[in-house]
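Here the structure is laid out as structure tokens; the discussion comes afterwards.
Bear in mind that the values in this text are calculations on the coordinates, not laboratory data. Treat the numbers as computed from the prediction; the structure is a model and nothing was measured. Don't worry about glycine lacking a Cβ; one is built from the backbone with ideal geometry, like all the others, and counts go over all protein chains shown.
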Amino acid sequence: MVSGPAFSAAFVNGGFEDGNTNSWSVGTATRNGNLSTLDPSTYLNGATGRSAIVTSGLDPIIGASMANTVYSGNYAYRVENTIDGGHLSVVSQTVTNYTESNIFFAWMSVLEGAHSAEQAAGMKIQLTDLTTGIDIISRIYSAEFSAVDGRFSQAGSYYYTPVWQIEQLAIDSSLQGHDFRLTVLATDCDPTAHLGYVYLDGFGAQIPDVDNGVPEPATLALLGLGVLGMGVARRRKAA
């Protein structure tokens, strides 16, 4: 095995093409708290009962109005189940000493609307630079009416992304050799009667090929910080 500072750990099973969660950390729990206070890292307890590997097909709630449940290849991962109950689920993977030019991943979500922004069903996506402790990409969505943005469409009480959302982080010289962690949390509402879940696929160094007929959305730029709604930030360390 090659060792030393030149070694860059590759993504392992980043698109779930092993048909399982090998190399991923997972967890599930009962939700107990406001969306902004939920720390995904505290729920990585190894339990998978409410999440699942999925194959190509239609979302069971939104159906044909939403893209195929697999972005590329044969498998994707659904974080949290498709019924309510007041639960949350998490999936996470870390890569170390990263030297490739980009990090990509793709996601879709279904959130059932109700309650305040803090108590509603929601989701969190964090791509964290572990070397600096900074969340370089951060997305927090709540199903409270005013907290979803133009990526989401509405069908009755459900907010959903009709196509896969592609995230890209360009690795410039300031990020070369750093360690990175992707974490995705999906949660039902705190009062328990409304659902939320996220599909995840294609975590890797290259944008996944679309081989299932799903429209390919544009690569997303890093925008300004948001809180309950869409937020993407690249925060600089204080001088």
Next item on the list: Counting only C-alpha contacts under 8 Å and six or more residues apart, can you give the relative contact order of the stretch 105-189 as a whole percent?
Entry: 43 percent
Next item on the list: Please name whichever of F203, Q176, Y75 sits farthest to the positive end of the charge dipole of the stretch 31-204, dipole taken about the Cα centre and charges placed at Cβ: Lys and Arg +1, Asp and Glu -1.
Entry: Y75
Notebook entry, point to check: Karplus couplings for the stretch 125-135 from phi (6.51 cos²θ - 1.76 cosθ + 1.60, θ = phi - 60°), rounded to Hz, Gly and Pro as x?
Noted result: 10, 10, 10, 9, 7, 5, 5, 10, x, 10, 7
Note to self: Give me the tail of P(r) for the stretch 59-143 as a percent: Cα-Cα pairs with distance above 17 Å.
What the structure shows: 61 percent
Notebook entry, point to check: In what sequence do L111, L200 fall when counting other Cβ within 10 Å, fewest first?
Noted result: L200, L111
Notebook entry, point to check: In whole percent, what relative contact order does the stretch 31-204 give with Cα contacts below 8 Å and a gap of six or more residues?
Noted result: 36 percent
Checklist line | Semi-axis lengths, Å, the stretch 31-204, gyration tensor of Cα atoms, sqrt of 5 times eigenvalues | finding: 26, 18, 15
Next item on the list: For the stretch 1-123, just the Cα set please: Rg and Dmax, both in angstrom.
Entry: 16.5, 53
Checklist line | ³J(HN,Hα) computed for each position of the stretch 57-71 - Karplus, 6.51 cos²θ - 1.76 cosθ + 1.60, integer Hz, glycine/proline x | finding: x, 9, 4, x, 9, 8, x, 6, 6, 10, 5, 3, 6, 10, 6
Checklist line | Those residues of the stretch 97-141 whose amide nitrogen sits under 20 Å from the label point placed on N32, 7 Å along Cα→Cβ | finding: 118-122
Check: According to the Kirkwood expression over distinct Cα-Cα pairs, how big is the hydrodynamic radius of the stretch 129-173, in Å?
Finding: 13.2 Å
Item checked: S41 paired with A10, simple spin-label distance in nm, labels 7 Å along Cα-to-beta-carbon -> 2.8 nm
Notebook entry, point to check: Just how far, in whole angstrom, is the stretch 40-88 from the stretch 133-209 if you go by their alpha carbon centroids?
Noted result: 13 Å
Notebook entry, point to check: Hey, with R₀ at 41 Å, roughly what FRET efficiency would S116 and Q206 work out to, going by the Cβ-Cβ distance, to 0.05?
Noted result: 0.55
